[in-house]
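See below for the structure under consideration.
Quick note: the coordinates plus some simple rules give every number you see, no bench work behind them. None of the values given here were measured: they were computed from a predicted structure. Glycine gets a Cβ as well: all are built from the backbone with ideal geometry, and neighbour counts include every protein chain shown.
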Amino acid sequence: MRVSPFILLSLAILPALAEEPTVDQIMARVADNQARAQDMRRAYVYNQKILTRFHRTNGKLAREEKSEYLVTPTPAGVEKKLTHFEGKVQRHGQYISYDDPGKETKDLDIDADLIRDMVNDMTGDKDTKDGIGHDLFPLTAAEQAKYIFTLEGKDAYRGRPVYRVSFRPKPHEEDADWKGDALIDAAEYQPHMVSSTFATHIPMAVKVLLGTDVKGLGFTVTYEKFDDGLWFPVSYGGEFHIRAVFFYARNMSISMVNSGFTRAKVSTKIAYDMSEK
């Protein structure tokens, strides 16, 4: 009896299809790898550059701060030492330079307070090995429990097969504020890129009473592989608009680049060229 070539081809494809993991299995492996990566990152020190800009609604720069840190892991998280800083603020049509992070140049300096808090909140989580808060990108097991994940398909990214996964908060989950998508390496179950935007809205009553509104709140983080099982966030950034207390409005942006990774206890250095970023 002759078997149709189409049947033979189908029989050959079926086992491969059966082995394709579900989105829950994909994200479970991502969570396991994130836990292991956090442990591995404690063996590395690295340089971190942060650029923060506040623009007025007319497009003019109101304040800019550039910071460079030496980041050293600790048993509980990371310790950041400021190695270079430069800032400038616009006053009466001229830019004033300063070398004190968050320097206040007038009695009520909202920009100074916000830029200091933003840098600390978004890049200074001392409970992590990279400074990025886990709640921004639901990759760990604890954060994944708050979200619904959907496998959108399979694609290629920088020559590697990846899963495209979207996420959104579970209904009535109070501690989940983000929605977005992720590119997950199909071979190693590590994130290449994760993008998130604010999934909830500020209640209209709050906007009316406090004159506060936030739009376009979102962040993107990209990862690179440096060693077996070790993937590290190398770039991170976001942009958003805030209007508050009826008279204050700013377009804000923050970007962070990690580079110069060096083993803390040995002299081996991992070179990473950020010129293409």
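Here are the numbers for the structure shown:
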read-out	value
Extension gain (nm, one decimal) between TYR95 and GLU20, 0.36 nm per residue minus Cα-Cα	21.3 nm
Sequence-distant residues sharing a close amide H with VAL234 (under 5 Å, placed H)	THR222, TYR223, GLU224
Dipole axis of the range 36-90 (+1 Lys, Arg; -1 Asp, Glu on Cβ), positive-most option in MET40, LEU61, ILE50	LEU61
Positive minus negative residues near LEU82 (Lys, Arg vs Asp, Glu; Cβ under 13 Å)	-1
TYR157 long-range amide H proximity, modeled H, under 5 Å	VAL162
Listed residue pairs exceeding 32 Å between alpha carbons, taken from LYS60/LYS225; LYS146/LYS225; LYS80/LYS154; LYS81/LYS225; LYS60/LYS146	LYS60/LYS225; LYS80/LYS154; LYS60/LYS146
Formal net charge of residues neighbouring ARG164 (Cβ-Cβ distance under 15 Å; K, R +1; D, E -1)	0
Ordering of 53-59, 34-40, 192-198 by packing [mean C-beta count within 10 Å, highest first]	192-198, 34-40, 53-59
Net charge contributed by nearby residues that have their C-beta within less than 12 Å of ASP181 (K/R +1, D/E -1)	+1
